[in-house]
Amino acid sequence: MHGLGDVRFFDRLAPLYDLAMPPADGEALAAGLDHATRPIERLIDVGGGSGRAAAALSGPDICVVDASREMLVRARGRRGLSAAVGDAGRLPVRDASVDAVTVVDAFHHLPDHNAALREAARVLAPGGVVVIREFDPTHPLGRWLVAAEHAIGMASRFRAPGDLAADLSDAGFDPRIVDRGFGFTVAGVKREP
Ligand SMILES: C[S@@+](CC[C@H](N)C(=O)[O-])C[C@H]1O[C@@H](n2cnc3c(N)ncnc32)[C@H](O)[C@@H]1O
């Protein structure tokens, strides 16, 4: 499994994580999910941690996938969510078996962005959508966040909205920038084969 550096951080942070974090922006996620061209019945939340983002969604069957066992203890125990241990670069999910993938405040922690996008494309059925919520490193608050995460030893690598949209296009998605700001949302609809 890749990226154990940041995952170990989250194993240690897990007991405090939900106390420190505001609720996830369910409206932004829903706006991204609206771009799917197929009904969303099955969704996986990759790097979903304690289930904070999954808790802001309603409708589909959701499975939280994360490399931190300690974060998943919270997703299962506190939130009663279905959860699986897994690396974003090697998802424990069958080909074309889900309608949506969300990645919330987690993409910048993943050690291999291309592998994560490739895996999202593999597990999504055509017309399904990947929705990524991230922080813009070119925004003044984003510059501060980049410095703060590096100062505490995280291996974070942030992408600006346009760059992430281009990465999605290269990985086989039709990308849309859903909203911009310090936090932004990009959606990618999986192209038909
Ligand atoms: C900032 S937390 C975000 C958690 C959740 N998505 C949320 O919005 O609250 C980042 C998460 O990414 C997970 N993560 C880091 N590297 C990973 C990897 N290679 N595969 C899967 N999850 C990973 C961490 O364990 C952590 O739970």
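Bear in mind these aren't lab numbers, they're just calculated from the coordinates by the rules spelled out. Bear in mind the structure is a predicted one, so any value in this text is a computation, not a measurement. Cβ: placed from backbone, ideal geometry, glycine included. Neighbour counts: every protein chain shown.
Things to note:
- Over the range 57-143, the fraction of Cα-Cα pairs per 10 Å bin, rounded to whole percents and listed from the shortest bin up, is 16, 46, 31, 7.
- Sorted by Cβ density within 10 Å, fewest first, the residues I177, I44, I62: I177, I62, I44
- Between A166 and A125, residue separation times 0.36 nm minus the direct Cα-Cα distance comes to 12.7 nm.
- Average projected area [Cα convex hull, the chain], square nanometres: 9.4
- Per-residue Cβ neighbour counts within 10 Å put M21, M154, M71 in the sequence M21, M154, M71, beginning with the fewest.
- Applied to the range 78-85, the Karplus parametrisation 6.51 cos²θ - 1.76 cosθ + 1.60 on θ = phi - 60° returns per-residue 3J(HN,Hα) values of 6, 10, x, 8, 6, 8, 9, 6 Hz, with x for Gly and Pro.
- Selection among T37, A116, A166 by position relative to the dipole of the chain gives A116 as farthest towards the positive end (Cβ unit charges, Cα centre).
- For the range 112-167, average projected area of the Cα convex hull in nm²: 4.4
- Residue order, fewest to most surrounding Cβ atoms within 10 angstrom, among D66, D61, D45: D61, D66, D45
- Low-density loop positions, trypsin sites (Lys or Arg not before Pro), the range 1-110 - DSSP coil, at most 14 other Cβ in 10 Å: R78, R94
- A simple charge model with +1 on the Cβ of Lys and Arg, -1 on the Cβ of Asp and Glu and nothing else charged puts the dipole of the chain at about 360 debye relative to its Cα centre.
- Residue-wise HN-Hα couplings along the range 55-72, as the Karplus relation 6.51 cos²θ - 1.76 cosθ + 1.60 with θ = phi - 60° gives them from phi, are 5, 8, 10, 9, x, x, 5, 10, 10, 8, 10, 8, 8, 9, 4, 5, 5, 5 Hz; Gly and Pro carry x.
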